[in-house]
């Protein structure tokens, strides 16, 4: 029998995945979108004798110097929209502590987790289903928390009201993870911009500083519980991230998949590379680079035998910043002459409103901010 929902004080229901003996109809997800029907290819790494060359997930090693790493990151962002990042200098114990504390959080009884439920009306922070996922006719096989890292101590007093040792261990681990990801994000941003001729120098350095110094961050903790029938369930539906880029710390359990294009097929990201972080290009970096770095559709599948944790750390602009293509980014690969901007300037909230409007239409919100479509967009 499927599990019964647990209700919090606000009347919100939470599915008890641990007690589920089958996938109920509320969570049964079978090919709801065209992209979900694309074939899946095996996870491969460079050097694997069995790999299909086009399906080896790129690996960018930051330990070899920022020049070589920047070139590799640019190539991966242009071709894939995502890659594995190694040699980044974040201590393994920092990553391990963060994942350990996330696992401990998810192991709490459902009523304790529900104390930190998203506020009525679909708040942007807290425990439970993010508001945009509620628009799907089916639910995901996942549970999660969303919070701004700077507010971790206030947010998680709702889980641990007594602010005891468990609370302090959790918050310290998340603050440590936040500091490491923030510093790494600034370094990767510099690499991305330098690869396009935008870092260093007088005027160009100012562009880099403005973007770097105003970066905003959000942390989301995901648990994808083991599932009695993985073929009937989805951990997270196919989507692109909306900000600049995302770091993902994931358990050594495969589940994250990137969509490779022409022909479309899903590639499972290897999960057993020690200390590796996944980098995913978001829609606003796609805009900032005039489409040279492409945002990538990605999704999460679930496992019959093992839980999987992922900790995406989202970086983007402040809500009032207009994001538009940077002039050097409009130059084509190989130094070809600059082209006209493809996208109009847009703030993050404006872009999210467009994404919400286009939900379920199979039309990318990026299409709606193309310069050629600006007049049509304004009319809609």
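Note on segment 88-189: Cα-Cα pairs beyond 25 Å make up 26% of the total pair count. Potential lengthening of the chain between residue 151 and residue 327 amounts to 59.8 nm, from the contour at 0.36 nm per residue minus the alpha-carbon distance.
For a distance above 18 Å, tell me the whole-number percent of Cα pairs in segment 110-161 that qualify. It would help to have the intermediate numbers written out before the result.
Numbers: 401 of 1326 pairs.
Tail of P(r) above 18 Å: 30 percent of Cα pairs.
Cα centroids of segment 113-170 and segment 286-314: 20 Å apart. Each residue, residue 345 and residue 28, gets one label point 7 Å from its Cα in the Cβ direction; the gap between the two is 5.1 nm. In this simple spin-label model, placing a label point 7 Å from the Cα along the Cα-to-Cβ direction at both residue 119 and residue 305 gives a separation of 4.5 nm.
Using the number of other C-beta atoms within 10 angstrom as an exposure proxy, rank 207, 159 with the fewest first.
Values: 207 16, 159 19.
Fewest-to-most ranking of 207, 159: 207, 159.
Counting beta carbons within 10 Å around each of 357, 322 and listing the fewest first gives the order 322, 357. Computed from the C-beta positions of residue 61 and residue 179 and an R0 of 22 Å, the FRET efficiency is 0.45 to the nearest 0.05.
Take each peptide in 363-371, 136-144, count the other Cβ atoms within 10 Å of every residue, and average; sorted highest first, the result is 136-144, 363-371.
Rg/Rh for segment 180-269: what does it come to with C-alpha atoms and Rh from Kirkwood?
Details: Rg = 17.6 Å, Rh = 16.3 Å.
Taking Rg over the Kirkwood Rh, I get 1.08.
Oblate is the label for segment 34-329, because a/c, from the alpha-carbon gyration tensor with a ≥ b ≥ c as root eigenvalues, is 1.5 or above and a/b does not exceed b/c.
Using packing as a proxy for protection, rank 55-65, 74-84 so that the peptide with the highest average count of other Cβ atoms within 10 Å comes first.
Working: 55-65: 16.9, 74-84: 21.6.
So the order, starting with the most tightly packed, is 74-84, 55-65.
Taking neighbour Cβ counts within 10 Å as the exposure measure, how do 227, 22 sort from fewest upward? Could the numbers behind the result be given before it?
Values: 227 25, 22 14.
By the 10 Å Cβ count, ascending, the order reads 22, 227.
Quick note: the coordinates plus some simple rules give every number you see, no bench work behind them. Computed from a predicted model, the values in this text were never measured in an experiment. Reconstructed Cβ throughout: ideal geometry from the backbone, glycine too, with neighbour counts over all protein chains shown.
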